[in-house]
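Engineer: The structure's right below; bear with me while I get my questions together.
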Amino acid sequence: MKRTLTATLALSLAAGPVWAEGTVNVLTWEGYTDASFIAKFEEDSGCKVSATYVGSNDDFAPKLMSGGGVYDLITPSIDTTALMIDLGVVEPLDTAALAGWNDIYPKFLALEGIQRDGAYYGMPYSWGAIAFMYRKDAFTTPPTSIADLWNPELAGKISLWDDKSAIYVAARKNGDMDIYNLTDAQIENAKAALVEQKPLVRKYWATAGELVDLYKAGEVVISNTWAGYQSSLLAAEGIEVVEFIPTEGAEGWMDAWMVVKETPNKECAYKFLNMQLSEQGQCGVANVNGYSAVNAAAAKACMSPEQFAALHQDDPDYLDSLFIWTPLGERFEAYTNAWNAVKAQ
Amino acid sequence: MTLLRRHLAGVLVLGIPLAWIVIFMLVPYAIIGTYSFWTKTYPTFQPDFQFGNYATLFTDPQYLQVLLRTLKISALVSVASLALAYPFAYWLVFRCRSAGVRTWLYMAVIAPLWVSYLLRAYIWKTILGTEGILNSFLMWAGFTDAPSDIFLYNQFAMILTLTYIFIPFMVMPIYTALERIPPNLAEASADLGQTPWQTFRKVTLPLSTPGIAAGFTLTFCLSFGDFIAPFLVGGPDGNLIAGVIQTQFGSALNWPLGSALSIVMLVIVLSIVSLSDRLERSSRIGAH
């Protein structure tokens, strides 16, 4: 009996230190904690990464509002980061503890959505465009405009992202280019355009996997897409799709890591953030999801020249041409309400 | 001591289920009911007592539109299920001679309930799709030259999928109701010179009304609250009420409006249940 007790005690003492090194719980997009680069981090840091995936930016608020203490880090996009700050669920970052912070493209550090009262709440991580995409074998003349998603000849072969971004798309088609500051009348016009388009739409896609399935099953030939992601998944399935930025321009997005207020796992969280901003994390996500990197120095160091060019890392004009998502604040309701009204028709 | 023990047993047997109902049913209803009077203010919502959310539901046409569509789809699913389930159950009970065949066929209808709902709904996608099984068959059989996209991503696909999924809930109560009818009633009716059709109309059908009412209520209410079928096989015109509620709690971050919508939905479902209950009871009284 006594020997068992001693053995148990010894065992628990030996197991103790491994235990104490802790975990970091992240609520994030698929691919952002891919084993290809996270396994090494877990080994190096002794921090176990436990990930829960979201399907949309809309998942962050409900998950965090239903009580804290579950997640340590989250990765909302730049249109949702301000909401997280407003909700009071995230805390300011200690940017001095983040090596590589000064290598982030200045354009991203200038974004208002990740800062408040002189403090940064979000660490830029990856970016890309909401490009458009078509099936190569379905077109003789490649589409170049958003108006091609309103082409009656493509009836039943069109898909559009089930998101308030549909309003941004329709507004640009209408020639309203200040898409994040639309007036009520402009939103009404965008709504009318989407209602007009509705009979041509096969299905509004809600998840990345759903859009891939729609192309794979031959249901749709043109849609918008998260540039780099679904097209590479489709390429792996042997379906050739081409991404394009329409003449009306495309929206751009950036995802940022945010630290959940009063996390008990701060040490592991900062180790994790440092890794994500380093070559390991920056090229990790570029290789897995096909998204561009925010750390200019890291991208230069770990990408091949081809990948560096393909992800527009050397092309500041490309970034400037994108309509980077902006928090809508009080106007958020007007946009979502208009999109819901379109779907209700 | 024995008194205490008896008391304890009573507390356990009745108290735990009661606590369960209070904690997991009544309290959530109360919370949803409370939320429905709150006000949405960016970034979230705040305690209040006002009827604005309910007013929105009845003044903004989008909610009424979806509500009516959901009622229509649920009604069509129930009617389709009834049209298929009644003759089947009738045949099983009165015409099928072999008890073994009857059991096997009955089980065949019930068995899909053991397969995940999600999986069954998903499979309809592969059947109805443009390059799906149905189109391949039609082209192989020479009925069509080109694949058609009319089978999937529309209201027809939703009604078909929901009917397939919920039909066991129609078969079971009707089968049970028909099985309970004593066979000598039909014989007596025939002896009194009634034709089989008159017997069915005047004896069998009235006696099976409780089963029809129960089946109709189940299929209707299940379809009414469904949000998987619209997501998987519904098209752009397939938004149903449960999906709208989900949007209000998710992307719109308008829990008060979502709660008001849930309360309206609850009231509709409860009215249907009590209506069917009344119908069942009156038909039982009529039978005596």
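The values are calculated or read from the model by the stated rules, or taken from the named source; none is laboratory data. These numbers come from a predicted model, not from an experiment. Here the Cβ positions follow ideal geometry from the backbone for every residue, glycine too, while neighbour counts run over all protein chains shown. The protein model used for the area step is the full one, side chains on, heavy atoms only, and it has no ligands, DNA or RNA in it. Shrake-Rupley method; radii C 1.70, N 1.55, O 1.52, S 1.80 Å.
Engineer: Just a yes or no: is a residue in the stretch B:194-212 free of Cβ contacts under 8 Å to residues at least 12 places away in the same chain and in a loop (DSSP other than H, G, I, E, B)?
Structural biologist: Yes: one or more hits.
Engineer: Condition first: within 14 Å of another protein chain (Cβ to nearest Cβ) and either free of Cβ contacts under 8 Å to residues at least 40 places away in the same chain or out of contact with any Phe, Trp or Tyr (no Cβ under 7 Å at 6 or more places or on another chain) (or both). Now tell me which residues in the stretch A:302-331 satisfy that.
Structural biologist: Scanning the stretch A:302-331 gives A:327, A:330, A:331.
Engineer: Going by the conditions given, is residue B:153 surrounded by 18 or more Cβ atoms within 10 Å (Cβ to Cβ), hydroxyl-bearing (Ser, Thr, Tyr) and more than 14 Å from every other protein chain (Cβ to nearest Cβ)?
Structural biologist: no
Engineer: Among the candidates B:181, B:159, which residue alone is touching a Leu at 6+ places or on another chain (Cβ under 7 Å), β-branched (Val, Ile, Thr) and within 16 Å of residue B:235 (Cα to Cα)?
Structural biologist: B:159
Engineer: Related question: Kindly provide the set of residues from the stretch B:112-136 that are out of contact with any Gly (no Cβ under 9 Å at 6 or more places or on another chain) and open to solvent by 50 Å² or more (accessible area, probe 1.4 Å), ordered by number.
Structural biologist: B:113, B:114, B:115, B:116, B:117, B:118, B:119, B:122, B:123, B:133, B:134, B:136 - these are the residues of the stretch B:112-136 that are out of contact with any Gly (no Cβ under 9 Å at 6 or more places or on another chain) and open to solvent by 50 Å² or more (accessible area, probe 1.4 Å).
Engineer: Go through the stretch B:192-204 and report how many residues are under 12 Å from residue B:94 (Cβ atoms) and open to solvent by 60 Å² or more (accessible area, probe 1.4 Å).
Structural biologist: 1
Engineer: Which one of A:153, A:112 is in the same structural domain as residue A:29 (by TED's automatic domain parsing) and open to solvent by 40 Å² or more (accessible area, probe 1.4 Å)?
Structural biologist: Exactly one of A:153, A:112 is in the same structural domain as residue A:29 (by TED's automatic domain parsing) and open to solvent by 40 Å² or more (accessible area, probe 1.4 Å), namely A:112.
Conditions tested, residue by residue: (1) open to solvent by 70 Å² or more (accessible area, probe 1.4 Å); (2) more than 14 Å from every other protein chain (Cβ to nearest Cβ); (3) closer than 19 Å to residue B:157 by Cβ; (4) over 25 Å from the mean Cα position of the chain (by Cα).
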residue: B:177; (1), (2), (3), (4): no, yes, no, no
residue: B:182; (1), (2), (3), (4): no, yes, no, yes
residue: B:190; (1), (2), (3), (4): no, yes, no, yes
residue: B:206; (1), (2), (3), (4): no, yes, no, no
residue: B:218; (1), (2), (3), (4): yes, yes, no, no
residue: B:231; (1), (2), (3), (4): yes, no, yes, no
residue: B:234; (1), (2), (3), (4): no, no, yes, no
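Engineer: Further question on the same structure: Take residue A:81 and tell me if it is touching a residue at least 40 places away in the same chain (Cβ under 8 Å), open to solvent by less than 20 Å² (accessible area, probe 1.4 Å), hydroxyl-bearing (Ser, Thr, Tyr) and within 14 Å of chain B (Cβ to nearest Cβ).
Structural biologist: So residue A:81 fits the description; yes.
Each row is one residue, and each column tells you yes or no for (1) touching a Gly at 6+ places or on another chain (Cβ under 6 Å); (2) assigned to a helix (DSSP H, G or I); (3) within 14 Å of chain A (Cβ to nearest Cβ); (4) at pLDDT 95 or above.
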position	(1), (2), (3), (4)
B:25	no, yes, no, no
B:34	no, yes, no, yes
B:48	no, no, no, no
B:74	no, yes, no, yes
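Engineer: While we're on this one: Would you mind listing the helices (runs of 4 or more DSSP H) fully within the stretch A:281-338 where at least 1 residues are closer than 26 Å to residue A:270 by Cβ?
Structural biologist: It comes to A:296-302.
Engineer: Of the conditions (1) under 27 Å from residue A:78 (Cα atoms); (2) open to solvent by less than 10 Å² (accessible area, probe 1.4 Å); (3) in a loop (DSSP other than H, G, I, E, B), residue A:181 clears all except one; give me its number.
Structural biologist: With (1) under 27 Å from residue A:78 (Cα atoms); (2) open to solvent by less than 10 Å² (accessible area, probe 1.4 Å); (3) in a loop (DSSP other than H, G, I, E, B) applied to residue A:181, the lone miss is (2).
Engineer: May I ask you to list the residues in the stretch A:104-143 that are closer than 22 Å to residue A:157 by Cβ and without any contact (Cβ under 8 Å) to a residue 60 or more places away in the chain?
Structural biologist: Selection gives A:140, A:141.
Engineer: While we're on this one: Only helices (runs of 4 or more DSSP H) wholly contained in the stretch A:39-149 count here; list those with 3 or more residues that are in contact with a His (Cβ under 6 Å, 6 or more places away or on another chain).
Structural biologist: none
Engineer: Let me ask something additional. Given the conditions (1) in contact with a helix residue (DSSP H, G or I) (Cβ under 8 Å, 6 or more places away or on another chain); (2) open to solvent by 10 Å² or more (accessible area, probe 1.4 Å); (3) touching a residue at least 60 places away in the same chain (Cβ under 8 Å); (4) assigned by TED's automatic domain parsing to the domain that holds residue A:259, and given that residue A:91 satisfies all but one, which numbered condition is not satisfied?
Structural biologist: The number of the failed condition is (1).
Engineer: Next up: For residue A:166, only one of the following conditions fails: (1) surrounded by fewer than 22 Cβ atoms within 10 Å (Cβ to Cβ); (2) in a helix (DSSP H, G or I). What is its number?
Structural biologist: It fails just one condition, (1).
Engineer: Kindly indicate the residue of the stretch B:236-261 that is assigned to a helix (DSSP H, G or I), touching a residue at least 12 places away in the same chain (Cβ under 8 Å) and open to solvent by 30 Å² or more (accessible area, probe 1.4 Å) and also nearest to residue A:159 (Cα to Cα) among those meeting that condition.
Structural biologist: B:246
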